[in-house]
Amino acid sequence: MLTIMVVTTVLGIPAFIINLFDAPGSFHSIIIRYWAQLLLWLNGIKVEVEKPENLQAANPAVIIINHESALDIAMVLAALPIPVRFMAKKELFAMPIFGWELRLGGHIAIDRVQRKRALTAIEKYSPAIVREKQNIAVSPEGTRTKDGKIGPFKKGAFHLAERFDIPLIPVTILGAADLVPVRKRAILPGTARLMIDPPVKTTDFADLDACIEAVRNRMIEHKERYEVEKLSS
């Protein structure tokens, strides 16, 4: 975890200063992707992307990701060639340098205890992200998996896609939990995989619950198939 702090400090200070004079979007997208790629490279982590052509529907879109590890954000930023803004727990925004960069870059701080505050933050920042043709990445599980399985989905991200009439692009993170084990501070070298599914619209389904179930089930299928492949290799 020391690597995360060192890389964040080295790149974060000049990025923070420049971002004070740079509209969120241009410079921030470049520097935060470089931060993520350098962080993964220093830790010996590679990310393979499957079906990247499904990203053609992005800009803007809601990117749905499962929450496997502490490096999920870095993996998505490093591997996806699209501008991404995250909805992330507010505690990350309180961190020196990294948290400042998140705020200046237009990411959305979510209060996981006070639901009204979370909704206020989404209402305040998401219109600008969509207007600037960026993409909002959300983990609808809300917290990192403890048992390796994909947990229940909250509705916030799906409401967002419905409100702005933009596509949802499911991105299943596979193998990250093995590289950043739960309750351990170690980061192990290896390869993770991002499986990108075709985009869907909330209007493709009878109601929002049906959309959520279909997206979650598809991601569970990828996860289960990956676990079988891992055991047989």
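What follows draws every value from the coordinates through simple rules; no lab data is involved. As the structure is a prediction and not an experimental result, all values here were calculated from the model. Note that each Cβ is placed from the backbone with ideal geometry, even for glycine, and that neighbours are counted across all protein chains shown.
Structure notes:
- Most mobile listed residue (P167, P152, P83) in the chain, GNM with C-alpha springs under 10 Å: P152
- Estimated from helical segments only, the mean residue ellipticity of the chain at 222 nm is -14500 deg cm²/dmol, where each DSSP H run of four or more residues counts as -39500 (n - 2.57).
- Cα gyration tensor shape for region 91-233, rounded if a/c is under 1.5, else prolate or oblate: oblate
- Flagged links, alpha-carbon separation over 31 Å, of K133/K155; K133/K230; K124/K201; K46/K124; K124/K184; K124/K154: K133/K230; K46/K124; K124/K184
- For the chain: relative contact order, % (alpha-carbon pairs under 8 angstrom, 6 or more apart): 27 percent
- Gaussian network model of the chain, Cα within-10 Å springs - most flexible of D209, D72, D178: D209
- Prolate/oblate/rounded call for region 16-172, Cα gyration tensor, a/c under 1.5 rounded: rounded
- With a Förster radius of 35 Å applied to the C-beta separation of K230 and Q56, the computed FRET efficiency comes to 0.75.
- Segment I30..I97, full-extension length gain: 22.5 nm, with 0.36 nm per residue of separation and the alpha-carbon distance subtracted.
- Cα point-scatterer Debye curve for region 34-108, base-10 log of I(q)/I(0) at q = 0.17, 0.18, 0.20 Å⁻¹: -0.74, -0.83, -1.02
- Taken as entire DSSP H runs, the helices of the chain that both span 20 Å or more between Cα atoms along their own long axis and average 0.0 or more on the Kyte-Doolittle scale are 2-19, 26-42.
- Region 109-233, relative contact order in percent, only Cα pairs under 8 angstrom and at least six apart counted: 21 percent
- Local electrostatic count at P152 - Lys and Arg +1, Asp and Glu -1, tallied over other residues with Cβ under 9 Å: +1
- Neighbourhood net charge (14 Å Cβ-Cβ; Lys/Arg +1, Asp/Glu -1) for S126: +1
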